[in-house]
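A short write-up of the structure that comes next.
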Amino acid sequence: MEGQMLKDRSAVSNFKIRVFFVFLFFVLLFFLVIARLFFLQVVRNQFFTNMASQQYDFQFFITPPRSQIFDRNNFPLTYNKKVKSAFVAPHEFREKEKTMQFLHKNYPKVYKQINDYPKRKFFWVERKLSEEKLSFLEKNKTEDINFIEENQRFYPIVSLAPLIGFTNIDNQGISGLELLYNGQLAGSAAMIKAEKDARAKKYYFTKMVEEDGLLGKDLHLTIDEKLQALANAELEEAINSIGAKEGAVVIMNPQNGEILAMVSYPAANPNEEIKSLEDTKNRIISDCFEFGSVVKAFLALAALEKGVVTPEEIIDCEGKSTYIDHFLVTNWKSVGKISFSEVLQHSSDVGTAKVAKRVGEDLYKYYRKLGLGSLTGLGFPGERSGFVNPPGKWSRSSILVLSFGYELNGTLLQIARAFSIIANEGYDVRPKIVLDEKDSKSVQAKGEKLFSDRAISQLKDILQTIGEKYKVSGFRVMGKTGTARLLDHGHYSKTKHIYTFAGIVEKGDYKRVVVTFIKEPKSASLWASETAAPLFQKIAEKMVLHERLG
């Protein structure tokens, strides 16, 4: 009996032990499951998130809307418009064979890229589609070709293209003010996350907050859009009427250096495919040429400043031509003995050459004071400084030819600046194209006094006798014409010429400098008085109506 009880107790004990181990097994199993879940959901969470993201998401950068450029009166000179760009994500292809065939036929470069870079998850098919190309893709594409909206730059005033410049496919400035102020206008790119809805078969685009792009800052120019338009219209008409190759106009306020219009013709349309880089440059600051007789105004200022001549002094200009220091100098017509004022009126090379000899090597100093041979300070990409032959390199004839426009060259903007110094009573003037933020239309403090009131007053009176031929009713007009031969294969051409007129229009506190330029009209028998000067007059007449009455 006692043995049976011991046996039963042993059986119960064994059962409890078995139950305990079964319980322990399930407890351990439970903790193992919990540990595994913790490992997968917490420790390895980022791994699986990334894996899922790699399967269904991808990221790329896109630029924010580019900031705008405005004229002085807040007229927009640029726009941003929404356009569509096409892309593919090869790892998400649903019609791979059909899509690749389409790309091979229509976009072979994209097809090659996909084959060359199999691990890449994003390829542009074509960006910033025209309406025609967008229509083609929408009609013929496979479901693997997707679209996203981007910003494209648009320029409403084509004549400003050489000044404003243009942007590349990524909306980054590559010429003109778009390049010079790219950092201000472009802002910074934003990272875009593309997530695909597998059921809807569509991509959804969201900005990554931590990579959000920063907008740029608008730019306000000194340009007056209406002055720009009227100057461009008159220039285009003049060029077409005489069959000229090129032309340009610049209008400045000499009191503060603000450039109000800057026209370079022909100009490439930045809204279309650029076919000629020649037509993208700003001829007013990038093309250097010999000034011709315009420089006689600067010679006169130097001589009057130095006191070696007076406006009334009689100068013997002799006959049609004469030798000075064994160098033949030719007048365009015989004028005989005339006053120095009349020397400029008749644009006598002999008369100016004789006066230049009195000025001597100081002529170089005075030319440099007027900004010849130096950058204007505008800071514009591609601006050239020009050249004035220094005394150390002069030949016997240098002092003579420097008086009527040779052995020196420069830009139209340099001429505009020099005439602005004259208009500004001899005070230095620095051209500017961007308005100051605080007080955009205030008159700047005068620069350094470069020439005396006496010399400036005398020169203005002389230039007025020339400007009277191109008068603007109610305004004082002063100016000088210039005709120069073009170099052709190392020799001065007898048939290719450039024509310039630099003028000052003023009345009371109102002052403007207008420089007009015509290059290579079909007829070789023309003069600046028949080309650039009438163009100046037409522009000046409309300019004063716009600015005084507009």
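All of the numbers you see were taken from the coordinates with simple rules; none came from a lab. No experiment lies behind these values; they were computed from the predicted model shown. Here Cβ is always computed from backbone atoms with ideal geometry, including for glycine, and neighbour counts include all displayed protein chains.
Just a few scattered comments:
- Legend: calculated FRET efficiency, residue 357 to residue 487, from the Cβ-Cβ distance at R0 = 22 Å, rounded to 0.05, equals 0.25.
- Local net charge near residue 457, Cβ-Cβ under 12 Å (Lys/Arg +1, Asp/Glu -1): -2
- Segment 125-192: C-alpha gyration tensor shape, a/c 1.5 cut-off, then a/b vs b/c: oblate
- Unsatisfied cross-links (Cα-Cα over 30 Å) in the set 365/471; 226/275; 281/354: 365/471; 281/354
- For segment 494-550 versus segment 103-139, the gap between their alpha-carbon centres in whole angstrom: 51 Å
- Restraint check, 96/128; 133/245; 133/432, Cα-Cα greater than 30 Å: 133/245; 133/432
- Calculated Rg and Dmax of segment 225-549 using C-alpha coordinates, Å: 18.8, 59
- Taking Cα centre as origin and charging only the Cβ of basic (Lys, Arg, +1) and acidic (Asp, Glu, -1) residues, the dipole magnitude of segment 218-319 rounds to 140 debye.
- Using the Cβ-Cβ distance between residue 323 and residue 465 with R0 = 25 Å, the FRET efficiency computed as 1/(1 + (r/R0)^6) comes to roughly 0.30.
- Neighbour-count ranking [beta-carbon atoms within 10 angstrom, fewest first] of 220, 546, 326: 326, 546, 220
- ³J(HN,Hα), Karplus 6.51/-1.76/1.60, whole Hz, each residue of segment 490-506, x for Gly, Pro: x, 10, 6, 6, 8, 10, 10, 9, 10, 10, 9, 9, 10, x, 10, 10, 8
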